[in-house]
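Student: Pasting a structure here, questions to come.
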Amino acid sequence: MFELLFKYVREDYARSELIFAGDWPQWLLYAISIFGIAAIGAGIAFRRRDVAAYRLIAIGLLQTTMLAVVVLLISQPTLTAQKIREGENTVALVLDRSSSMAYGVPESRFQVAMKSLASIVEDEDAPKFSVRHYEFGASADLVDSFIATSPADTATSIADSLRVILEEARFNPLAAIILSSDGADTSGGVDADELAEIAAFGVPVHTIGVGRSEIADDVELTDVTMPARALPGSTVSARVTIQHDRAASTRVKVYDGDELLQLVPVELGPDVNSTTAWIEITLDAAGSHQLRFSVDGEATEDELRNNTRSTLIDIADQQYRVFYYEGEPRWEYKFIRRAVGNDKDLSIATLLRVSPNKYYRQGIDSPEQLQDGFPATRDQLFIYDALIIGSVEAASLTTVQQEMIRDFVSERGGSLLMLAGPNGLGNGGWGQSAIADVLPARLPATGMDSFRRRKASVLLTPQGAGNQMLRFSANADENRKAWGELPEIADYQLTGSLKPAAITLLNAATDAGQIPLLITQAFGRGHAYILASGGTWRWQMSLPLEDQKHETFWRQLLRELVASAPENVSLVATAESGGTDVMLRAEFRDDAYTPIDDIGVTAVASHEGGETFSIAMQPAADESGVFIGTLRPPQAGTWYFEAVALRNNEPVAISRTSILHESGQAEHFGFRQNAGLLRRLSEVTGGQYFDADDLSALPDLLRYSSSGITETEYRAIWDAPAVFILLFLLKSSEWLLRRRWSSI
Amino acid sequence: MPKAARMAWIAFALSLVTVNVWAQAIDSDTDASVRRERDAEGEFQFVRLAYSSNSYGRRGGGWGGRQRWQTDWPDAEHHFSRGIGRLTRVAVADQGRILTPMDDEIYDFPWIYAVEVGYWYLDGQEASRIRDYLLRGGFLMVDDFHGTWEWAAFVASMERVFPDRPIVDIPESDEAFHVIYDLDQRIQIPSRQFIYSGVTWEQDGYTPHWRGIYDDEGRLMVAINFNMDIGDAWEHADWPDYPENMTALAYRFGINYLIYAMTH
């Protein structure tokens, strides 16, 4: 119908521009318009005394519209579009040969994709062009023709593959790319930068989606996120994400080797495709643990490989060091020491100013440790992973020492915990000290006594409820109840306004309303905390002897503080590109945490089976003391890495790490058709997304492209039937009205 | 009135007086008027334990009609608290406080002082409360009791607190004797009667003993100052005739116990 009225199909209008091809001068068109409108106006004015105004206006509007259509016809409206020159262009047919394309019954996705691409070439309506065949997985390969073999590539990277094709086409008249795929990209998708880079080539990418977007009988363990390291006995939270297409009850199991650590029931909701569960795991034995997470499958589920994921966690066999600087004897000091005294993974050294002229040290390793008071050099301070500053004046430290504390957080990556007290926080002048920037609050000035020796109850904030270190119970409701039942703290202190990046984990309910009690913010490589009380000891004295909440709070808080502090020498291995590559990042700093640059770094990768490789480590372009390297592991399993820093061929530092590499497994995760990715790719490049079941519009679409060798096509539309129908309707309407209103 | 009737009335009146006096003695253990002291702010507040007297204490009574636990009150804590404020960085309340074992507030004060404990009596409930208080992290300093009889009376209640924990001599190397001051000299700190009599001991308590009870982690929970009178030395710090060196030594013992309790 559209074509009957307007001469051409709707798509022709959509991909064309409208121009006016008439050769009458523009001034003449304006003159005709003005003369016509004036004549219509004069006719109305002449009859105004004899005919009702509304009738004159109606007739005038019809005549004016008639005039406008006539002027438009004289202008000769024409559609113009860029069209490929037949026989002189190339079209790239791109076939996904990754393992996920093997899914599908009775025909596999791969077979459907192959057929769909072949149908384009064989279509008689398709323009004439030469064809380049590409197959792709992690990258694209030019092939003579598609061979009907089973798809076997273990990774998919659409962006990398298109880059290869487009680079090769720089010297070819590439008019379009037709990509047939399930869109199950294992490299993490195609981000905005990559899309922009692909679109910049100006070649339309038409995508043909194969496979189902929803698979009701498949449950997939999409992701497991948990800390890479923890202290023995610490409880860590693993975030488990499950993809599903229908509601169900399932269970997630966690194994350490053959030992079942956790079994958690999970309800998969009816209106969502993804459900997240938090699972708490406690590991005592030091060393590297390979944890296997497994979600129960559906009864009819075919693909069970995506129900299991494994991850490594390193349980530290070292003792972390905390330094607590306190300005006055007080109960909080005593009870903190008692709370963590039996934690063999934490060593807490304290420097307590007991009298104006005497410091008292506890938890020291040698008589020399802290004998001169607060550390005077960076390497003395930076041996600690966390620093607690109690009720003590900032003026008790030199400016250099205060700056060292700031560097302790920002450069060393240590954690700073400031406690309340008569001489702490704002009262101690810390708001005007060199570490003011580090703190998550703008502390009140010293002139205002912000310390209140009054009891207050503690409230868990939503952010605090989600924080592992504030868990008394794995059950969220029980945890909230436990916090609600805690005895009041003995005192509190006003912290002033919070900084934008501050996170409030606990509040205190005081006589004057709620105030922040435990707040934190990241600063540089480390973190700063304020606990605006020196009175949590009341929990220990007020709760029954067997209650461990006070101990648990302080152990978990201090463990959180030290666990995030990096070593001065570190090696991190991360899986990149859908598990194909392993990226190594080695960082070397001296005891004062100053980056070491005058070194060379070698790295060795060892497979659990004994195979070893050396890895070339290169200095990072933008970070001092950082060296990076890449390994493409030839086989799955646990890989151990060792990076050695060499100066004059002498080793000066060694760092080790390990990673669990699951080669070939990535294709079995996220294997539903990612139509969204394919549509986005087509939209940004000027192409179009097609379902494999309906490709009828694609052959004709290939004629039009601004890429390759093109010519401009002009199509006149002034003679479209719709125009003449409109003219007829306008004139007949006027005639009918005149007949009805016989007075005109 | 016949003689027999008169004698009966006298006996009845005497019995009323006796019962009344005895009842007052019991009631005054928790006399609110005594305990109504000003609440001053401070991290540390001197808390005096108000205990019930044992039969020995009830027979003998205290000085000036006071109960035994009131001995040296209030000057002892006033003087000692000021000494703490002067010699340490502890934020100390000006005034002391008096609590019984069964006061719930006792848990808000992790250091407590009991005097003349040769006359104390802790029943099962009170002993259980003190045991709980100490094991949670509280500290008890006992002082001013002398000789075999008073020791036995003290131990009788203390054994109800800790039936299974021995009372031992605090070794000289213990941090309690070194946390601020190195208290290597063991000198018997006498009561005020030393000024008149010249003797430092009372009853048969010729030799001073610094004893204690420890928790499972080796931390001192109870400091037992036997055959000495540290409280008197605090109380008479401003008494011209009382030896200044004894007061100074008593301050040092008290401060060491306090700082130990606040650090261990």
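The values are calculated or read from the model by the stated rules, or taken from the named source; none is laboratory data. No experiment lies behind these values; they were computed from the predicted model shown. Cβ coordinates were reconstructed from backbone atoms using ideal geometry, including for glycine residues, and neighbour counts include every protein chain displayed.
Student: State all residues of the range A:283-311 that are aliphatic (A, V, I, L, M) and part of a strand (DSSP E or B); if no residue qualifies, say none. Break it down into steps so the answer makes sense when it comes.
Tutor: Taking the range A:283-311 as the starting set, the residues that turn out to be aliphatic (A, V, I, L, M) are A:283, A:285-286, A:291, A:295, A:299, A:304.
Within the range A:283-311, A:L291, A:V295 meet the criteria.
Student: Let me confirm something: among B:G254, B:G205, B:G212, B:G218, which residue is among the small types (G, A, S), within 14 Å of chain A (Cβ to nearest Cβ) and farther than 28 Å from A:P356 by Cα? Walk me through it before giving the result.
Tutor: On the way: B:G254 fails: farther than 28 Å from A:P356 by Cα; B:G205 fails: within 14 Å of chain A (Cβ to nearest Cβ); B:G212 fails: within 14 Å of chain A (Cβ to nearest Cβ).
Answer to the selection: B:G218.
Student: A follow-up question, please. Can you pull out the residues in the range B:132-141 that are part of a helix (DSSP H, G or I) and within 9 Å of chain A (Cβ to nearest Cβ)?
Tutor: Correct list: B:D132, B:Y133, B:L135, B:R136.
Student: Follow-up. Return yes when A:F690 is within 30 Å of A:A586 (Cα to Cα), out of contact with any Lys or Arg (no Cβ under 6 Å at 6 or more places or on another chain) and buried (at least 21 other Cβ atoms within 10 Å of the Cβ) and no when it is not.
Tutor: Working: within 30 Å of A:A586 (Cα to Cα): no; out of contact with any Lys or Arg (no Cβ under 6 Å at 6 or more places or on another chain): yes; buried (at least 21 other Cβ atoms within 10 Å of the Cβ): yes.
It is false that A:F690 is within 30 Å of A:A586 (Cα to Cα), out of contact with any Lys or Arg (no Cβ under 6 Å at 6 or more places or on another chain) and buried (at least 21 other Cβ atoms within 10 Å of the Cβ).
Student: Can you name the residue in the range A:520-537 that is within 14 Å of another protein chain (Cβ to nearest Cβ) and part of a loop (DSSP other than H, G, I, E, B) and is also nearest to A:M469 (Cα to Cα) among such residues? Show your work before the answer.
Tutor: If we filter the range A:520-537 for residues that are within 14 Å of another protein chain (Cβ to nearest Cβ), which is where we start, we get A:533-537.
Filter once more, keeping what is part of a loop (DSSP other than H, G, I, E, B): A:533-536.
Numbers: A:S533: 17, A:G534: 19, A:G535: 19, A:T536: 15 Å.
Residue satisfying both the conditions and the ranking: A:T536.
Student: Given the residues A:I19, A:I37, which is the only one that is β-branched (V, I, T), touching a Pro at 6+ places or on another chain (Cβ under 9 Å) and not assigned by TED's automatic domain parsing to the domain that holds A:D700?
Tutor: Values: A:I37 fails: touching a Pro at 6+ places or on another chain (Cβ under 9 Å).
Residue meeting the stated conditions: A:I19.
Student: Keeping to the range B:63-96, report how many residues are more than 14 Å from chain A (Cβ to nearest Cβ) and of a type in the set (K, R).
Tutor: Result for the range B:63-96: 3.
Student: Suppose we filter the range B:236-251 for residues that are at pLDDT below 95 and either within 14 Å of another protein chain (Cβ to nearest Cβ) or within 17 Å of the chain's Cα centre (by Cα) (or both); how many remain?
Tutor: 0
Student: Please enumerate the residues belonging to the range A:538-582 that are of a type in the set (D, E, K, R) and within 14 Å of chain B (Cβ to nearest Cβ). Step through it out loud before you land on a result.
Tutor: Step one: of the range A:538-582, the residues of a type in the set (D, E, K, R) are A:538, A:546-547, A:549, A:551, A:555, A:559-560, A:567, A:576, A:581.
The answer is A:R538, A:E546, A:D547, A:K549, A:E551.
Student: Can you tell me which residue within the range A:346-356, out of those that are hydrophobic (A, V, I, L, M, F, W, C) and facing chain B (nearest Cβ under 10 Å), is farthest from B:E43 (Cα to Cα)?
Tutor: We begin by selecting, within the range A:346-356, every residue hydrophobic (A, V, I, L, M, F, W, C); these are A:346, A:348-349, A:351-352, A:354.
Of the ones still in play, those that are also facing chain B (nearest Cβ under 10 Å) are A:352, A:354.
Values: A:L352: 15, A:V354: 13 Å.
So, considering only residues that are hydrophobic (A, V, I, L, M, F, W, C) and facing chain B (nearest Cβ under 10 Å), the one farthest from B:E43 (Cα to Cα) is A:L352.
Student: Next up: Hey, does the range A:504-519 have a residue that's of a type in the set (D, E), within 14 Å of chain B (Cβ to nearest Cβ), within 27 Å of A:L419 (Cβ to Cβ) and part of a loop (DSSP other than H, G, I, E, B)? Full working, then the answer.
Tutor: Of all residues in the range A:504-519, those of a type in the set (D, E) come to A:511.
Those still in the list that are within 14 Å of chain B (Cβ to nearest Cβ) too: none.
For the range A:504-519, residues of a type in the set (D, E), within 14 Å of chain B (Cβ to nearest Cβ), within 27 Å of A:L419 (Cβ to Cβ) and part of a loop (DSSP other than H, G, I, E, B): absent.
Student: Taking the stated definitions as given, is B:F162 of a type in the set (F, W, Y), within 14 Å of chain A (Cβ to nearest Cβ), surrounded by fewer than 21 Cβ atoms within 10 Å (Cβ to Cβ) and out of contact with any Asp or Glu (no Cβ under 7 Å at 6 or more places or on another chain)? Break it down into steps so the answer makes sense when it comes.
Tutor: Working: of a type in the set (F, W, Y): yes; within 14 Å of chain A (Cβ to nearest Cβ): yes; surrounded by fewer than 21 Cβ atoms within 10 Å (Cβ to Cβ): yes; out of contact with any Asp or Glu (no Cβ under 7 Å at 6 or more places or on another chain): yes.
Judged against the criteria, B:F162 is a match.
Student: Scanning the range A:431-446 for residues that are surrounded by fewer than 16 Cβ atoms within 10 Å (Cβ to Cβ) and closer than 14 Å to A:E393 by Cβ, which turns out modelled with the lowest pLDDT?
Tutor: Only one residue fits best here, namely A:A445.
Student: Which condition number in (1) surrounded by 14 or more Cβ atoms within 10 Å (Cβ to Cβ); (2) modelled with pLDDT of 85 or more; (3) not in a helix (DSSP H, G or I) is the one that A:V51 fails?
Tutor: Going through the list (1) surrounded by 14 or more Cβ atoms within 10 Å (Cβ to Cβ); (2) modelled with pLDDT of 85 or more; (3) not in a helix (DSSP H, G or I), A:V51 breaks only (2).
Student: Oh, and also: Regarding the range A:467-484, can at least one residue be identified that is within 14 Å of another protein chain (Cβ to nearest Cβ) and not hydroxyl-bearing (S, T, Y)?
Tutor: At the first step, the residues of the range A:467-484 found to be within 14 Å of another protein chain (Cβ to nearest Cβ) are none.
Among the residues of the range A:467-484, not one is within 14 Å of another protein chain (Cβ to nearest Cβ) and not hydroxyl-bearing (S, T, Y), which makes the answer no.
Student: For the structure I just gave you, tell me whether A:F613 is surrounded by fewer than 21 Cβ atoms within 10 Å (Cβ to Cβ), touching a residue at least 12 places away in the same chain (Cβ under 8 Å), among the hydrophobic types (A, V, I, L, M, F, W, C) and touching a Pro at 6+ places or on another chain (Cβ under 9 Å).
Tutor: Numbers: surrounded by fewer than 21 Cβ atoms within 10 Å (Cβ to Cβ): yes; touching a residue at least 12 places away in the same chain (Cβ under 8 Å): yes; among the hydrophobic types (A, V, I, L, M, F, W, C): yes; touching a Pro at 6+ places or on another chain (Cβ under 9 Å): yes.
When the stated conditions are applied, A:F613 passes them.
Student: Collect the residues in the range A:463-498 that are basic (K, R), within 33 Å of the chain's Cα centre (by Cα) and assigned to a helix (DSSP H, G or I), keeping them in residue-number order.
Tutor: Within the range A:463-498, the subset basic (K, R) is A:471, A:480-481.
Keeping just the survivors that are within 33 Å of the chain's Cα centre (by Cα) gives A:471, A:480.
Of everything in the range A:463-498, just one residue is basic (K, R), within 33 Å of the chain's Cα centre (by Cα) and assigned to a helix (DSSP H, G or I), namely A:R480.
Student: Return the residues of the range B:225-264 that are among the hydrophobic types (A, V, I, L, M, F, W, C), out of contact with any helix residue (DSSP H, G or I) (no Cβ under 7 Å at 6 or more places or on another chain) and crowded, with 24+ Cβ neighbours inside 10 Å; say none if nothing qualifies.
Tutor: B:M228, B:I259, B:A261
Student: OK, next. Return the pair list, or none, for Cβ contacts closer than 8 Å from residues in the range A:327-345 that are more than 9 Å from chain B (Cβ to nearest Cβ) to residues that are at pLDDT below 95 and surrounded by 24 or more Cβ atoms within 10 Å (Cβ to Cβ), at least 6 apart or on different chains.
Tutor: Short answer, once both residue conditions are applied: A:D343/A:R559; A:D345/A:L231; A:D345/A:R559.
Student: Select, from A:A522, A:A512, the only residue that is out of contact with any Lys or Arg (no Cβ under 6 Å at 6 or more places or on another chain) and closer than 30 Å to A:T282 by Cβ.
Tutor: Details: A:A512 fails: closer than 30 Å to A:T282 by Cβ.
Answer to the selection: A:A522.
Student: Further question on the same structure: Looking at A:K358, A:K344, can you tell me which residue is outside the structural domain of A:H244 (by TED's automatic domain parsing), of a type in the set (K, R) and either farther than 27 Å from A:R559 by Cα or touching a Phe, Trp or Tyr at 6+ places or on another chain (Cβ under 7 Å) (or both)?
Tutor: Values: A:K344 fails: either farther than 27 Å from A:R559 by Cα or touching a Phe, Trp or Tyr at 6+ places or on another chain (Cβ under 7 Å) (or both).
Going through A:K358, A:K344 in turn, just one is outside the structural domain of A:H244 (by TED's automatic domain parsing), of a type in the set (K, R) and either farther than 27 Å from A:R559 by Cα or touching a Phe, Trp or Tyr at 6+ places or on another chain (Cβ under 7 Å) (or both): A:K358.
Student: Could you list, in sequence order, the residues of the range A:357-380 that are within 12 Å of another protein chain (Cβ to nearest Cβ) and touching a helix residue (DSSP H, G or I) at 6+ places or on another chain (Cβ under 9 Å)? Let's see the steps before the verdict.
Tutor: First, pick out the residues of the range A:357-380 that are within 12 Å of another protein chain (Cβ to nearest Cβ): A:357-363.
Result: A:Y360, A:Q362, A:G363.
Student: Across the range B:165-202, which residue is nearest to the other protein chains (Cβ to nearest Cβ) among those that are closer than 28 Å to A:P329 by Cβ and charged (D, E, K, R)?
Tutor: The residue in question is B:E175.
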